[in-house]
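Take a look at the structure set out below.
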Amino acid sequence: MAQSEQLVIERGAPRSLESPERAARASLKGQIGRLERECSAIVADAFPRISPADIPALEADVVGGPCLLTLEELERMRDGLAGRAQDMRRRVDERVAHERSARELLERMRLEPGRYKFVRLPVRELGQGGCGVWEVRPRLGLIGMLAGWWQVKLSSGCPLPRGRAAARP
Amino acid sequence: MADPPPAPERPEDSEPALGWCAREVEQEFPELRLLLVQARVGRPGSLTDGSTPAVEDRLRELSNRFRGAWAVGVRREPVPAAYRVFFRQIGLDPEVLRTPIEAAALERMLRGGFISAGLLEDVLLISLVDTSVPVWALDAECVDGPLGIRQSKEGEPLGRSAGAPSLPAGRLVIADASAALAVLFGEPAPGHGAGAGTRRLTLFAVVVAGVPALYVEEALWTCRMALEQQ
């Protein structure tokens, strides 16, 4: 572990507050902290399904620089983060459902390749890295096509950066 | 087998000094701190000239250690996460204005490694990657009195140089007794950062809630020791 969580001093314990507004501000800042950590955890767990580059900036970011936010700005920040967390959870759920259906399709392709002739399924759709593609192809080319011999094959992976010819000595 | 070389001892005055914090800032962020150390440049050459072989080796080692998965996952580590949360609480979106450690991670990915950019930059980068705590350097000759954190006044210049940009009211700044020297988490104002001929530096780091003081002291001490080496 790069930085032990045990070493982090949680200094955000509730303290006596002088006014209701300050209590509200402290509460909002606590909520912002929790939501920000939740969003970070979703991004870190879901990568590469969800890329950090896909996350839009919050509309609440209108202050233009570091400052002490007003109560309204803190509320907008909290609401924006809550919306973002909800949106990211939805994206992750959709992606998980998409990968599940892709895995089911692959299973069906393996069981009955003849029903899925020339169907291609990139491994990225299954939530895996790399450039491989599962494809239903005829065994022995034209003969297999005519005879109905179908098989599921996985392509060899990502293309070489300079092409096959350049890789030769 | 030979004994390993002894670890360098910390100088006696290695304890960082505590900067001041304006009352309204302290009330809003009771755990916000500014820690400072003074450093004297040990080598005779320019601070912006090439680094020592040891520093360049360390950069290469860090480049090899940190890869793509780290660049994405760093945001959930405790110290970077604490800075992200603080960014939100002061109105910054860390997806737009990245925290220093995430900016370094992105640079590492885009450039294929931590590229040496002169002794000072390299030393600050190494301490950032090691601890996730950003450290900034000011030319100590340009600092007038103790440093602290306060809000800017409307139209106040950023720095003391002619043509300094003016700040809007309420911006959080690092300031000395007479002027704002840097926007919080921003680079020092023109003419106040450490340059090629700087011999004495004021190094400072910002401590936010959730960041152990030990990490910050380590970051400052790492920078100071590297800069003071001959």
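The values are calculated or read from the model by the stated rules, or taken from the named source; none is laboratory data. Not measured: the values here are computed from a predicted model. In this analysis, Cβ positions are derived from the backbone assuming ideal geometry, glycine residues included, and neighbour counts consider all displayed protein chains.
Brief remarks follow.
- Subset tally (residues that are out of contact with any Asp or Glu (no Cβ under 8 Å at 6 or more places or on another chain), of a type in the set (A, V, I, L, M, F, W, C) and farther than 16 Å from B:F87 by Cα) for the range B:183-199: 1
- Residue within the range B:151-165 that is away from every other protein chain (no Cβ under 13 Å), out of contact with any strand residue (DSSP E or B) (no Cβ under 9 Å at 6 or more places or on another chain) and part of a helix (DSSP H, G or I) present: no
- Number of residues in the range B:72-90 that are in contact with an Asp or Glu (Cβ under 8 Å, 6 or more places away or on another chain) and within 16 Å of B:L106 (Cβ to Cβ): the value is 5.
- Looking only at the range A:50-77, and only at residues there that are facing chain B (nearest Cβ under 9 Å) and touching a helix residue (DSSP H, G or I) at 6+ places or on another chain (Cβ under 6 Å), the one that is modelled with the lowest pLDDT: A:A60
- Which numbered condition B:G159 misses (of (1) closer than 21 Å to B:V79 by Cβ; (2) free of Cβ contacts under 8 Å to residues at least 40 places away in the same chain): (1)
- Test: B:D122 is closer than 25 Å to A:E38 by Cβ and of a type in the set (D, E): no
- Residues that are in a loop (DSSP other than H, G, I, E, B), within 30 Å of B:E24 (Cβ to Cβ) and more than 7 Å from chain A (Cβ to nearest Cβ), drawn from the range B:60-104: B:P94, B:L97, B:R98, B:T99
- Of the residues making up the range B:177-226, those that are away from chain A (no Cβ under 14 Å), assigned to a loop (DSSP other than H, G, I, E, B) and surrounded by fewer than 18 Cβ atoms within 10 Å (Cβ to Cβ) are B:A177, B:S178, B:P190, B:G191, B:G195, B:A196, B:G197, B:R199.
- Residue match in the range A:109-120 (condition: surrounded by fewer than 18 Cβ atoms within 10 Å (Cβ to Cβ), modelled with pLDDT under 95 and within 23 Å of A:I50 (Cα to Cα)): yes
- Verdict on B:D139 being of a type in the set (D, E) and within 30 Å of A:R25 (Cβ to Cβ): no
- Meets criteria (farther than 22 Å from B:A104 by Cβ, at pLDDT below 95 and of a type in the set (S, T, Y)) for B:S152: no
- Filter result for B:P78 (within 27 Å of A:R25 (Cα to Cα), modelled with pLDDT of 90 or more and within 17 Å of the chain's Cα centre (by Cα)): no
- Options A:R110, A:R90; residue that is over 17 Å from B:D93 (Cα atoms), among the basic types (K, R) and free of Cβ contacts under 8 Å to residues at least 24 places away in the same chain: A:R90
- Among the residues of the range B:166-176, those that are without any contact (Cβ under 8 Å) to a residue 60 or more places away in the chain, within 12 Å of chain A (Cβ to nearest Cβ) and part of a strand (DSSP E or B) comprise B:R171, B:V173.
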